[in-house]
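A quick write-up on the structure given underneath.
Any read-out appearing in this document is the output of simple, stated calculations on the displayed coordinates, not a laboratory observation. Fair warning: this is a prediction, and the values are worked out from it, not measured in the lab. FYI the Cβ positions are ideal-geometry reconstructions off the backbone, even for glycines, and counts take in every protein chain you see.
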Amino acid sequence: MTLALNFIYYRNFRFDGKLHIRCTGADLYKVDRIRYEYERTGSEGPVSFRGVSVHSQARSGKLADHGCPATLVADDEPGTYTIRPKVVLLDEHAAALGRATGWAGVIEMPPLVLDIQADEPNRSLLDKIPLPANARRKRASGHDDAVPTPLWPAPVPGSRYPTLLIRFGAGGHERLLHDLQPGSGALLARRWPGLQAVIAPTPLLSGGELSEARLRPLRQYCYLEQPASMLNDTYAALLKDLAALEYVHAMEFVQPEPEPHPVALVLAGLLATLLTGAAVVAGNKAYEDAQPTPDFEPRQNYLDQPGPRGQGLNVRRAWAKQVTGKGARIHFCDGGLYPQHEDLRGNPALKIVSLEPNHNPSHGTASAGIIVATRNDMGVTGISHDSELYLYNNRAMDAQRQFQALKDLLRNVEPGDIVGINRQTANSEVLSSLLPSLHDQAWWTVMQQLSERGAVVVNAAANGSSATLADKGTRAGQGLDLSQWRYFDDHGDSGTILVGACQSWDGKPHAYSNHHYPYRMLNAWGDSVVTLSRGDLQDLGGDDRDYSANYAGTSSATPMVVGALGLIQSYAIEHHHIYLNGNQMHQLVMVSGYDDATLEGTDVLPMGARPNVHGALVLLDRILGGGRFEA
């Protein structure tokens with residue numbers, strides 16, 4: 001019999017002995033489990049490997065099992081690898097089709113073949129596309145005259161310290177609990193008698209989470225609340241003693257996610273009006289509500305090649321050769337969603353992982369529209385509109401009111417997936433200056449783990465400062481130099497790509513955007529972005545038919561880059577059966593992209609290149625040989 005199932009299978013550009021496979025299709029809901037058996041044929045004859053069985057989401061109820069994803073571990077030997085999927089249907093669907101239930105009714109799908117060339121285990125993108133010297137990563141050197149910041153700055157008078165996050169070394173939490181006991185003889189117990197009855201350091205993971213292998217990176221974290229009975233000065237002294245413990249590796253306060261600065265948003269709105277003319281805002285009269293939404297895609301100038309209407313990302317030329325995002329999976333964290341928006345509802349590839357607290361649904365809907373808005377001759381069209389999109393709320397909380405989004409990302413992300421984080425944070429000493437999520441240790445840890453797994457991880461660089469503070473080195477409306485600003489915590493290279501905001505009309509950096517992240521950056525439009533929600537382009541009754549012509553900041557630039565990378569990855573996976581990790585993707589886009597975002601009078605790119613989607617696909621075909629874009 002024929003099942004409406006499609007298998008997506010691929011390996012890394014540099015073959016590491018792992019094959020990755022998952023399934024899509026209209027009949028996926030009928031599947032109980034899939035067994036993948038595989039073998040290699042090479043110079044030494046056939047070699048069989050141990051097969052892998054994976055339950056479906058329909059069976060387990062776990063989103064991580066959607067598509068029955070599996071990593072098949074072989075070795076790094078070249079040869080012809082053949083994967084043979086064997087599908088077992090859920091009993092009710094097997095019976096409805098007149099088949100035996102369970103393994104007796106197994107359906108053998110056509111074999112899938114990967115031909116691994118001899119050079120693949122050792123090849124590098126840089127073998128064929130060496131980066132220019134000014135595009136290579138470098139560590140930042142701090143100011144020689146940098147002034148150390150206070151370890152535990154006092155909170156605003158009348159308030160208390162926020163939640164503290166502690167990262168331990170191996171076994172550190174257990175050692176702390178031991179050292180708090182009166183009979184332990186530890187210095188902590190002697191200096192703070194009775195402390196074990198006052199504080200409660202609580203692990204970030206609890207219950208069954210401790211046994212989840214994918215959550216292992218968070219096992220060394222716990223959080224601590226200031227005891228109600230403890231004054232601020234006393235608590236600050238305690239924190240100083242905790243920080244001195246050898247098994248405590250890092251401590252930081254969990255800051256509430258700041259709201260976007262009005263400076264960047266007002267500027268971007270003015271620019272959009274100047275560049276596109278006053279938006280036509282429909283009223284909410286019954287007659288106007290009944291009219292169909294126009295097709296706004298012609299106004300999405302960021303989809304075009306660079307030209308008089310803006311410095312676009314050259315997306316339409318990729319669409320023209322049927323590269324629309326099929327096969328790519330994108331995970332995106334933002335502020336929520338209007339899930340019934342007319343350009344999103346009914347899309348089976350859109351999966352809402354966490355919606356609550358849904359604190360900024362207009363922002364999240366605008367971002368989602370840039371990536372996957374349906375191509376339906378009305379409204380707007382997402383850059384990678386045929387991709388799967390998993391949406392997460394940045395502020396989603398677990399039972400302990402902490403970090404649900406990070407846990408869900410660790411559970412769900414697979415090698416080759418694109419991960420976008422549209423979130424800003426701040427140093428508690430300078431709350432008027434916005435920083436990328438990587439400033440926060442727990443977010444950095446998870447981004448680093450996802451990068452190591454093989455995902456392409458993208459974070460908003462954030463929108464700089466809203467106040468001029470000479471002693472802090474900030475100016476209102478100006479971005480921060482992330483390689484130098486002493487209040488940004490650079491924990492090292494997590495493999496993440498930060499996204500800065502450029503001017504739509506000439507591609508130059510927006511003044512408000514942070515820049516000079518010392519590892520990887522790309523950029524996209526920070527003004528005049530046409531997308532869903534917000535209501536300045538079309539404002540009808542409710543929230544589900546609103547559109548904008550001036551989404552802005554690194555908030556708009558980040559989903560634009562995510563969508564562009566989703567298109568590139570979809571073609572790499574679907575046509576070449578390879579995926580690019582974050583470093584490989586960045587190298588490809590830096591060489592093929594637009595280098596307009598230079599500093600005046602120099603060739604320095606403070607926020608990397610702007611993606612040229614068509615150019616990246618042409619270059620990828622040239623590197624790998626063959627394909628729709630080969631010259």
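Full extension of the chain between ASP493 and LYS508 yields a length gain of 2.8 nm, computed as 0.36 nm times the residue separation minus the alpha carbon distance. Once both labels are positioned 7 Å from their Cα atoms along Cα-to-Cβ, the gap between GLN255 and GLU630 label points is 5.1 nm. Amide hydrogen proximity for ASP527: with H placed 1.01 Å from N in the peptide plane, the residues at 5 or more positions away or on another chain lying under 5 Å are SER504, GLY553. Along its principal axes, the chain has C-alpha extents of 73, 65, 57 angstrom, given from the largest down.
Here the extension length gained between ALA154 and LYS321 equals 54.3 nm, from 0.36 nm per residue of separation less the Cα-Cα distance. Taking θ as phi - 60° and the Karplus parameters 6.51, -1.76 and 1.60, the scalar couplings of segment 3-12 work out to 9, 7, 10, 10, 9, 10, 9, 6, 9, 5 Hz in sequence order, x denoting glycine and proline. Across segment 164-253, the volume of the C-alpha convex hull divided among the residues equals 102 Å³ per residue.
Each residue in MET590, MET251 was given a count of other beta-carbon atoms within 10 angstrom of its own, and listing them fewest first yields MET251, MET590.
Is there a quick way to get the dipole size of segment 6-123? I mean about its Cα centre, with the Cβ of Lys and Arg at +1 and of Asp and Glu at -1; what is the value in debye to the nearest 20? With only Lys, Arg, Asp and Glu charged at Cβ, the dipole is about 360 debye.
In terms of its alpha-carbon gyration tensor, segment 6-123 comes out prolate; a/c meets the 1.5 threshold, and the first ratio a/b outweighs b/c.
Cross-linked pairs LYS321/LYS508; LYS351/LYS508; LYS240/LYS351; LYS62/LYS321: Cα-Cα separations exceed 32 Å for LYS351/LYS508; LYS240/LYS351; LYS62/LYS321. Taking a ≥ b ≥ c as the square roots of the eigenvalues of the alpha carbon gyration tensor, segment 367-510 is oblate, as a/c is not under 1.5 and a/b does not beat b/c. Annotation: amide H of VAL457 within the under-5 Å range of VAL419, ILE497, GLY582, sequence separation 5 or more or interchain, hydrogens built in the peptide plane.
Please work out whether segment 450-536 counts as rounded, prolate or oblate from its C-alpha gyration tensor, where a ≥ b ≥ c are the square roots of the eigenvalues and a/c under 1.5 means rounded, while otherwise a/b larger than b/c means prolate and anything else oblate? Since a/c reaches 1.5 but b/c is at least a/b, the shape of segment 450-536 is classed as oblate. Using the average count of surrounding beta-carbon atoms within 10 Å as a protection proxy, the listed peptides 418-426, 52-60, 306-314 rank, highest first, as 418-426, 306-314, 52-60. The mean of 1/r over all distinct Cα pairs in segment 152-201, once inverted, gives the Kirkwood hydrodynamic radius of 12.7 Å.
Amide hydrogen proximity for LEU532: with H placed 1.01 Å from N in the peptide plane, the residues at 5 or more positions away or on another chain lying under 5 Å are GLY369, ILE370, SER548. Highest mean first, the peptides 163-170, 109-116, 525-532 sorted by other C-beta atoms within 10 Å per residue fall in the order 525-532, 163-170, 109-116. What FRET efficiency comes out for the pair ASP289/ARG191, r = Cβ-Cβ distance, R0 = 56 Å, nearest 0.05? That pair, ASP289 with ARG191, gives E of 0.25. Across segment 77-87, coupling constants 3J(HN,Hα) worked out from phi with the 6.51/-1.76/1.60 Karplus curve, θ = phi - 60°, read 7, x, x, 9, 9, 10, 10, 10, x, 10, 9 Hz, and Gly and Pro carry x. Estimated at 0.36 nm per residue, the fully extended path between ASP377 and GLU600 surpasses their Cα-Cα distance by 76.2 nm. Each residue of segment 462-479 was assigned a 3J(HN,Hα) from its phi angle through the Karplus expression (A = 6.51, B = -1.76, C = 1.60, θ = phi - 60°), giving 5, 9, x, 10, 10, 9, 8, 10, 4, 6, 9, x, 10, 10, 4, x, 10, x Hz with x at Gly and Pro. Of the beta bridges in the chain, as assigned by DSSP with both residues counted there, near 65 percent are antiparallel. The label-point distance for SER184 and ARG216, in a model that sets each label 7 Å from Cα toward Cβ, rounds to 2.7 nm.
If you plug the beta carbon distance of GLU246 and GLU225 into 1/(1 + (r/R0)^6) with R0 = 25 Å, you get a FRET efficiency near 0.60.
Once the C-beta distance of ALA95 and ILE129 is scaled by a Förster radius of 56 Å, the resulting FRET efficiency is 0.55 to the nearest 0.05.
Remark: SER432, SER466 ranked as SER432, SER466, counting other beta-carbon atoms within 10 Å and listing the fewest first.
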